[in-house]
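Please read the structure below before turning to the comments.
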Amino acid sequence: MNPVNHLRTGLSVAEAQRVVLALAPQLGSETVATADALGRVLAEPVVSTRTLPPADNSAMDGYALRCADLAGATRETPVALRVAFEVPAGGSSPERALAPGEAARIFTGAPIPPGADAVVRQEDAEREGALVRMRGVPRPGENVRSAGEDVRKGELVLDCGAELGPAALGLLASLGRTVVAVRQRPRVAVVSGGDELVEPDTAPFDGKIVSSNSYTLSAQCRLAGAEPIYLGIARDTPDALEDRLRAGNRADLIVSSGGVSVGDRDYVRPVLEKLGCTLVFWGVQMKPGYPIVFGRFGDTGPLVFGLPGNPVSAMVTFEQFVRPVLRKMAGHRALFRPLVRATLAHDFEKSAGRMHFVRVFLEPKPDAAGEFVARSTGTQSSGVLRSMALAHGLLILPAAKTRLAAGERGLVQVLDEGFFAAHEPGF
Amino acid sequence: MGRPVGRLRDVAGAVLLGGSSTRMGHDKAHLAIGGVAAATRIACVLAELFEDVLLVGGDPPPGAPGRKVPDPPGPPCPLRGMVAALAAASAERVLIVATDLPLVTPALLLAIVAWPRAQAVAPRPGGVPQPLCALYERAPAERAASARLDSGRLAAKGLLTELEAAYLEDADLAEVDPDGAALVNLNTPEDLARAEALVARAR
């Protein structure tokens, strides 16, 4: 069902996020090699077909024994046991049980022989020929890894929606799962628009501008877990626009930037109409990025984001709207960038009405571990990519506020988690 | 065949057709730019965006989309047209565009409509407010405009000072009208020539 049949405008950032997420479908699943599944979202519940470890086994190189046999052993009055047999790591379970007064030489990972209830490290034992002397009583279970301590057969190990990190991949491998069902990655058609644009490998003569948005937006797609497909620059003609949009129609989502998006050419709407595109909203009360348009092709076709052409506006609107949508499509549960609260290094001023996103550095706050200071990265013009390239995050100035003063605390949306990275271990 | 793209329902668009122009020597609504009458150009842009389009006063060119709304009795002036538009609209907010602004774009008009709510929202290029390309909350604007009309204070600019108004300044306008062409005013034959050149360039 199409939840909207007329264009909305002037939405707040939060309203616009609700609208785009409500229309974003979750994609289907595909089977991939577990080794290639890093960062993907699990599309099947993984139930263990094995118990891990499959049997009680030794956590140490040492001697398996019965604790009861060592009753009364102390540093001064050791108790000797007869070393009856050896259990190598990787071998099969011992054929015989440990009799009273016996110990078994055992290695890390080797199965605990029946009758034994603890392992004493070889460093704590004194071997003398066929005997081993112990100068203390271990706790039952000491240095024994119990069967099923990691995973039991039939247990839900990883649920749908789990994001696969290195440990999860290892867990799947230990269960013998070399392939796994994951959510498909969204395919995103990236289009730039405007006769003034040239590709980066072309010299920008005659007032032309190098199109950088294809680079930034494609990279943002990859960071969001999506697969960008760059469709090139659409010239300012109806045929060029229709051609690009038709090509994009095979993707899950279309991101365009620049003039083609906003409808400032007479032919844009007729082309969109011809292709069956419904515009859902235009204009979000934010800066940068105010003239953003959002729509979709038919009921099941790709979602379409028309981002402003200014490089920073395009990036900031991508972060607020496209990224959460891509993450929802790919099955992620946490859709939004992390926020940190930071103390402002100087005053930030704005007019009331729109939410502002200010490019800031985040620096550790002196003498306050875990706290940060936010400082502007420089000019905030929506055309200046350099201050965006330097930014660790975007300081959020709420719509109703006109000023946040130095020393106040504000929320920063973290774009570059590198500021957490440390030059020293610190512990 | 595709479904219609979205149009706004809670805002109406109104073109003030006005009367003859002494400086241009013609009725500006009928001046053709790129072969299309000024009023028709504006009405077509409004019809792309709004479900309800009003053609207020004057004599609409044939083919201009929208419903005709007569001016209230009295000598034609923009303020009288504004009162008529505000009274005739069913939507809560009305975007009013004078016929001498034939190059307004959907992007500019949407920017005005999408601006944070106020009793009036107008562009202010170069610090000069444009009350005749502005969005008005119907009830307070109609009250204020009628009072001004009754007391003979006919300057449209004054209306903005009586309302809680918000403005799109140059930096805001640059986001949606980078060429600064959307608010070119047709007052003189030279303006017309400039508008023709801009339309030819955009084609």
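Restricting attention to the stretch A:101-157, the residues that are more than 19 Å from A:Thr77 (Cβ to Cβ), charged (D, E, K, R) and part of a helix (DSSP H, G or I) total 1. A count restricted to the stretch B:96-119 and to residues that are at pLDDT below 95 and either of a type in the set (Val, Ile, Thr) or surrounded by fewer than 21 Cβ atoms within 10 Å (Cβ to Cβ) (or both) stands at 8.
Does A:Phe318 qualify as being assigned by TED's automatic domain parsing to the domain that holds A:Val191 and within 30 Å of A:Arg183 (Cβ to Cβ)? Yes: the conditions hold for A:Phe318. Inside the stretch A:350-389, residues that are of a type outside the set (Phe, Trp, Tyr) and closer than 30 Å to B:Val176 by Cβ make up a count of 25. Can you name every residue in the stretch B:142-188 that is within 22 Å of B:Val104 (Cα to Cα), away from chain A (no Cβ under 14 Å) and at pLDDT 90 or above? Result: B:Leu159, B:Leu160. When A:Leu81 is tested against (1) in contact with a helix residue (DSSP H, G or I) (Cβ under 8 Å, 6 or more places away or on another chain); (2) in a loop (DSSP other than H, G, I, E, B); (3) modelled with pLDDT of 95 or more, just one condition goes unmet, and that condition is (2). A:Ala181 meets the conditions (1) of a type in the set (A, V, I, L, M); (2) at pLDDT 95 or above; (3) under 22 Å from A:Ser257 (Cβ atoms) in every case but one. The failed one is (3).
Screening the stretch A:107-151 for residues that are of a type in the set (Asp, Glu) and under 48 Å from the mean Cα position of the chain (by Cα) and picking the one that is surrounded by the most Cβ atoms within 10 Å (Cβ to Cβ) gives A:Asp117.
When we screen B:Ala200, B:Ala193 for residues that are within 14 Å of another protein chain (Cβ to nearest Cβ), out of contact with any Pro (no Cβ under 9 Å at 6 or more places or on another chain) and surrounded by fewer than 14 Cβ atoms within 10 Å (Cβ to Cβ), the only hit is B:Ala200. Report yes if A:Ala374 is among the small types (Gly, Ala, Ser), in contact with a strand residue (DSSP E or B) (Cβ under 7 Å, 6 or more places away or on another chain) and either within 30 Å of A:Asp239 (Cβ to Cβ) or in contact (Cβ under 8 Å) with a residue 40 or more places away in the chain (or both), otherwise no. Considered against the rule, which asks whether it is among the small types (Gly, Ala, Ser), in contact with a strand residue (DSSP E or B) (Cβ under 7 Å, 6 or more places away or on another chain) and either within 30 Å of A:Asp239 (Cβ to Cβ) or in contact (Cβ under 8 Å) with a residue 40 or more places away in the chain (or both), A:Ala374 comes out as no. Where residues in the stretch A:25-56 are surrounded by fewer than 14 Cβ atoms within 10 Å (Cβ to Cβ) and among the acidic types (Asp, Glu), which of them is nearest to the other protein chains (Cβ to nearest Cβ)? Among them, the one singled out is A:Glu30.
For the subset of the stretch A:266-281 comprising residues that are surrounded by 21 or more Cβ atoms within 10 Å (Cβ to Cβ) and more than 7 Å from chain B (Cβ to nearest Cβ), which member is modelled with the highest pLDDT? Of everything passing the filter in the stretch A:266-281, A:Phe281 is modelled with the highest pLDDT. Need the failing condition index for B:Arg93 against (1) modelled with pLDDT of 90 or more; (2) touching a His at 6+ places or on another chain (Cβ under 9 Å), just the number. Condition (2) is where B:Arg93 drops out.
A:Ala89 fulfils the conditions (1) outside any loop (DSSP other than H, G, I, E, B); (2) of a type in the set (A, V, I, L, M, F, W, C); (3) away from chain B (no Cβ under 14 Å) except for a single criterion, (1).
Residues that are assigned to a helix (DSSP H, G or I) and away from chain B (no Cβ under 11 Å) within the stretch A:297-313 comprise A:Pro311, A:Val312, listed in sequence order.
Screening the candidates B:Arg124, B:Arg153 for the property of being out of contact with any Phe, Trp or Tyr (no Cβ under 7 Å at 6 or more places or on another chain) and over 29 Å from A:Pro238 (Cα atoms) yields one hit, B:Arg153. Looking only at residues in the stretch B:1-25 that are more than 9 Å from chain A (Cβ to nearest Cβ) and modelled with pLDDT under 80, the one that is surrounded by the fewest Cβ atoms within 10 Å (Cβ to Cβ) is B:Thr22.
Among the residues of the stretch A:186-212, those identified as touching a Leu at 6+ places or on another chain (Cβ under 8 Å) and either crowded, with 18+ Cβ neighbours inside 10 Å or of a type in the set (Ser, Thr, Tyr) (or both) are A:Pro186, A:Arg187, A:Val188, A:Ala189, A:Val190, A:Val191, A:Gly193, A:Ser211, A:Ser212. Filtering the stretch A:379-427 to residues that are touching a residue at least 12 places away in the same chain (Cβ under 8 Å), within 14 Å of chain B (Cβ to nearest Cβ) and either touching a helix residue (DSSP H, G or I) at 6+ places or on another chain (Cβ under 9 Å) or more than 26 Å from A:Ala352 (Cα to Cα) (or both) leaves A:Gln380, A:Ser381, A:Ser382, A:Gly383, A:Val384, A:Ala399.
For the stretch A:17-24, the criterion of being under 45 Å from the mean Cα position of the chain (by Cα), within 14 Å of another protein chain (Cβ to nearest Cβ) and not small (Gly, Ala, Ser) is satisfied by at least one residue. The set of residues in the stretch A:359-391 being within 24 Å of the chain's Cα centre (by Cα) and within 26 Å of A:Val210 (Cβ to Cβ) consists of A:Arg359, A:Met388, A:Ala389, A:Leu390, A:Ala391. Scanning the stretch B:67-124 for residues that are of a type in the set (Lys, Arg) and within 14 Å of another protein chain (Cβ to nearest Cβ) returns B:Arg93, B:Arg117, B:Arg124.
The values are calculated or read from the model by the stated rules, or taken from the named source; none is laboratory data. These figures come from a predicted structure and were not determined experimentally. All Cβ positions, glycine included, derive from the backbone under ideal geometry; neighbour counts span all protein chains shown.
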